[in-house]
Amino acid sequence: VDAFQAWCGPCKTVVDLFRKIRNEVGSDCLHFAVAEVDSIDALEKYRGKCEPVFLFYAGGELVAVVRGANAPLLQKTILEQL
């Protein structure tokens, strides 16, 4: 989940990375979503940050968090979680 605030928008720079990885591993294993933290109370703790935050969930549980648009770290985290 790309957690973002309305004033800065979702992180568009990593969308291509997610598409590439999803094509490589298969669409059934990986799902990408965006969430505006200003309108979701459960994501309140991510408000006021000027960096993108990527939340990784498995089985309904938060399993990893990556702060910042670090493509190599995002790719590593995705592959580790899969």
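A few remarks follow.
- Relative to the dominant Cα principal axis of the chain, helix 71-81 is inclined by about 70°.
- Protection-proxy order for peptides 23-33, 71-81, each taking the mean of Cβ atoms within 10 Å per residue, highest first: 71-81, 23-33
- Mean separation of Cα contacts under 8 Å, 6 or more apart, over the residue count of the stretch 2-81: relative contact order %: 32 percent
- The portion of the accessible surface of the stretch 2-81 made up by carbon and sulfur, rounded to a whole percent, is 51 (1.4 Å probe; DNA, RNA and ligands excluded).
- Restricting attention to the chain, close to 75% of DSSP beta bridges with both partner residues there are antiparallel.
- With Cα atoms, 0 to 90° folded angle of helix 15-25 axis to the chain main axis: 30 degrees
- The local environment of Ile78, defined by Cβ-Cβ distances under 11 Å, has a net charge of +1 under the rule Lys, Arg +1 and Asp, Glu -1.
- Two-decimal Rg to Rh for the chain - Kirkwood Rh, Cα set: 0.94
- Linear extension gain, Glu44 paired with Asp16, 0.36 nm per residue minus alpha-carbon span: 7.4 nm
- Calculated FRET efficiency, Ala58 to Cys8, Cβ-Cβ distance, R0 = 30 Å: about 0.65 to the nearest 0.05.
The values are calculated or read from the model by the stated rules, or taken from the named source; none is laboratory data. Just so it is clear, the model here is predicted, and its values are computed rather than measured. Here Cβ is always computed from backbone atoms with ideal geometry, including for glycine, and neighbour counts include all displayed protein chains. Each accessible area value is taken on the protein alone, full model and side chains, heavy atoms only, with ligands, DNA and RNA left out. Shrake-Rupley method; radii C 1.70, N 1.55, O 1.52, S 1.80 Å.
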